[in-house]
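In what follows, a structure is listed as C-alpha cells, so that the remarks can point back to it.
No lab work stands behind these numbers, since they all come straight from the coordinates. Source: prediction; values computed, not measured. Ideal geometry is used to build each Cβ from the backbone, glycine not excepted, and the neighbour counts take in all protein chains shown.
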Amino acid sequence: MPFLRNAWYVAAWSRELTDRAALQRTLLGESIALFRDSQGQPVALANQCPHRFAPLSGGKIRGDAIECPYHGLRFDRSGRCVHNPHGDGRIPQAARVTSYPLAERYGAVWIWMGEPERANTTALPSYDFLDEHRFETSSGYLLTKAHYQLSADNLLDLSHFQFLHPETLGSDEMASRGEVSFEEAGDTVWSKRLCRGESLQAFVAGAFGVPPGLAVDRGLNVRWDAPGLMTIEVAVTPAGMPFEFGRVSLSGHFLTPETEASTHYFFAFGLPKEMGDAARMLVEYAVLGLMTPFEREDLPMLEAQQRALGDGDFWAARPVMLSIDGAAIRARRIIERKLAEEARERDYAATLRDSADAYRSRRDDKALNEKEERRDVITVYPSGYATQGR
Ligand code: FES
Ligand SMILES: [Fe+2]
C-alpha cells in the first residue's frame, strides 16, 4: 500500500541534525540526507547525486551546501547545484536534487514529502507539552521492523499492557475492568480507557508517586491524528477519587514509515518547567523506563506480526475483530480514505497534464502547418524575381 504524501512526518529529533555531517534516513521508502546549514536551519534533500548517483549524505557540509563525496558537486537547501569544481565550472540545468519542506517544532524536524505548495497550508496537531521553552522534555527513538500501522494498532489499544507488559505497564485488572470508548472527528480518533481499582506495577506507581499497594483509578486516553501522530494522556488517582486529585502524564508518539515493513518510532515526554528538577527527573525516568518494555516486548511482538503477514495485505489476512479494536479500525479507515483522495487528486492532475500536453502538441502542429503553407506561397514582385513566404 502506498504512503500518504500530503502529511507531516517526524524525520528526526532536532538534536540529531548538525552542520558537521548529514544524517541519512530512509523515509517513506526514499533515502534522504538531513543536515543543518550555516544558519542552523534544517535541510532535507533526496540522497542521490544526479551525476553518478552517489549518496550525498556521505559528503561534507560546506557552509550552506552539501558536497557530493564522489566528484564534489555542491547542492544548497533548495536542491540546486551551486558549485561545479570541474572544467569551466558551468552548472548543467539538470544538476539538481529534490528538496523537501521542513518544519522544526516540539523538539523534532518534521518533513513534508507531498506536493510542496500544500505544506504551508497544513497545520501540525498541537503538542504543546513538548515545547522546550516551557516544558522539560525527554525523547527516545526505536526502529521497528514492522508496518507503521501495526505500531498504531499497538498504541491505540493499551489493553495489551496486561498481557505483553505484565511486569511494568500492565495490571491484572486492565482487560476485565476496563471501560473503553472511541471517538472520531475529521482525521482524528480517540481511544479512551478507564480502569478502576487497579494495582499498579512498581514502574508506573513510581512515575505517578503512588505508594505501594494503593489501589488507583487509571485513565488512558490516546489521540491519533493521520498518518501516525499520537498523544497518550495517562491520569492516575487514588481509587474512587476525582482525577483532579491525581497526576497526569502526557507523551507524544510519532510513527514515520521507513519502508513498507519498517517504522521509525519517535516518542517523548514533557512536564512543566515550574515543577523544577522533578520534571527533568520524571521525563527521563519515563523514557528510560519505557525503553525496556518497548524494546523487549512491543518490538519483538510487532516484528513477529510483520513476519506472519509477510508482504500480504492486512485485510486480506482476515483479522478477527474484538471490542478493543474500535480506534485502530477507525484510524485504518481514515488512512484508506485519505489514500484514495490522494490517488484521485493524482489521477486528476495527470489528466490535466495530458490535456495540456495534447493542447500544446495540437497548437505546435497547427503552427507548423501554417508555416509550411506560407512556404508554399510564391510571391512575384513586379521586378520579376520570386521569393518564398516566410
Ligand atoms: S556522483 Fe556526485 S559529483 Fe559525481
Ligand atoms: Fe506496548
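Enumerate cysteines in the chain without a disulfide-compatible partner, where compatibility requires another Cys Cβ under 4.7 angstrom.
If one checks each Cβ against the other cysteines of the chain, C81, C195 turn up with nothing under 4.7 Å.
Could you work out [θ]222 nm for the chain from helices alone, using -39500 (n - 2.57) per DSSP H run of at least four and dividing by all its residues? Round to the nearest 500 deg cm²/dmol. If you can, show how the numbers build up before the last one.
Working: 7 runs with 104 residues, N = 390.
Mean residue ellipticity at 222 nm (helix-derived): -8500 deg cm²/dmol.
Starting from the amide H of K60, placed 1.01 Å from N in the peptide plane, find each other amide H under 5 Å away whose residue is 5 or more places distant or on another chain.
Here the answer is E67, since their amide H atoms fall under 5 Å of that of K60.
Rounded to whole Å and sorted largest first, list the principal axis extents of the Cα atoms in the chain.
The principal-axis extents, from largest down, are 117, 46, 38 Å.
Net charge near R134, counting Lys/Arg +1 and Asp/Glu -1 over other residues with Cβ under 12 Å of its Cβ? Don't skip to the end; give the middle numbers.
Numbers: positive: K273; negative: D128, D131, E132, E136, E274.
Within the 12 Å Cβ shell, the charges total -4.
Grab the other residues whose beta carbon is less than 13 angstrom from that of L309, score K and R as +1, D and E as -1, and report the net. Don't skip to the end; give the middle numbers.
Details: positive: K145, R307, R318; negative: D153, E260, E303, D311, D313.
Computed value for this residue: -2.
Shape of the stretch 228-301 from its Cα gyration tensor (a ≥ b ≥ c, root eigenvalues): rounded if a/c is under 1.5, otherwise prolate when a/b > b/c, or oblate? Don't skip to the answer; put the middle values down first.
On the way: a/c = 2.16, a/b = 1.82, b/c = 1.18.
It is prolate, given that a/c is not under 1.5 and a/b is the larger ratio.
With a 10 Å radius around each residue's Cβ, average the other Cβ atoms per peptide and rank 78-85, 242-249, highest first.
Listed from highest to lowest mean packing, they are 78-85, 242-249.
Sequence neighbours fewer than 8 away in the same chain don't count; with that in mind, list the lysines whose C-alpha is under 26 Å from K192.
Candidates past the 8-residue exclusion: K338.
Would you grab the residues whose amide H sits under 5 Å from the one on G114? Only those 5+ places off in sequence or on another chain, please, with H modelled 1.01 Å from N.
A7
What is the magnitude of the charge dipole of the stretch 157-221 about its Cα centre, with +1 placed on the Cβ of each Lys and Arg, -1 on the Cβ of each Asp and Glu, and no other charges, expressed in debye to the nearest 20?
Working: 5 positive and 10 negative charges, 42 e Å.
It works out to roughly 200 debye.
Less than 12 Å apart at the alpha-carbon level, and either on another chain or at least 8 residues along: which aspartates and glutamates does that give for K273?
Cα-Cα hits under 12 Å: D131, E132, E136.
Using Cα pairs under 8 angstrom and six or more residues apart, how large is the relative contact order of the chain, in percent?
On the way: 730 pairs, mean separation 59.0, N = 390.
Reported as a whole number, the value is 15 percent.
Could you list F182, F314 in order of exposure, starting from the residue whose Cβ has the fewest other Cβ atoms within 10 Å? Walk me through the numbers on the way to the answer.
On the way: F182 19, F314 15.
Ordered by Cβ neighbours within 10 Å, fewest first: F314, F182.
Report the residue, chosen from P227, P319, P293, that carries the largest GNM mean-square fluctuation when the chain is represented by alpha-carbon nodes joined by springs under 10 Å.
Judging by the Gaussian network model, the answer is P319.
Any idea what diffusion coefficient the stretch 128-339 gets from Stokes-Einstein, in µm²/s, Kirkwood Rh on alpha carbon pairs, 20 °C, 1.002 mPa s? Present the calculation step by step, with values, prior to reporting the outcome.
On the way: Rh = 17.7 Å.
D, rounded to a whole number, is 121 µm²/s.
With θ taken as phi - 60° and the coefficients 6.51, -1.76 and 1.60, list the Karplus ³J(HN,Hα) couplings across the stretch 89-97 in order, rounded to whole Hz; mark glycine and proline as x.
Once θ is set to phi - 60°, the couplings for the stretch 89-97 become x, 4, 9, x, 3, 7, 7, 8, 10 Hz.
Can you give me the long-range amide H partners of V82? Hydrogens built in the peptide plane at 1.01 Å from N, cutoff under 5 Å, separation of 5 or more residues or another chain.
So V82 has HN proximity to R74, F75, D76.
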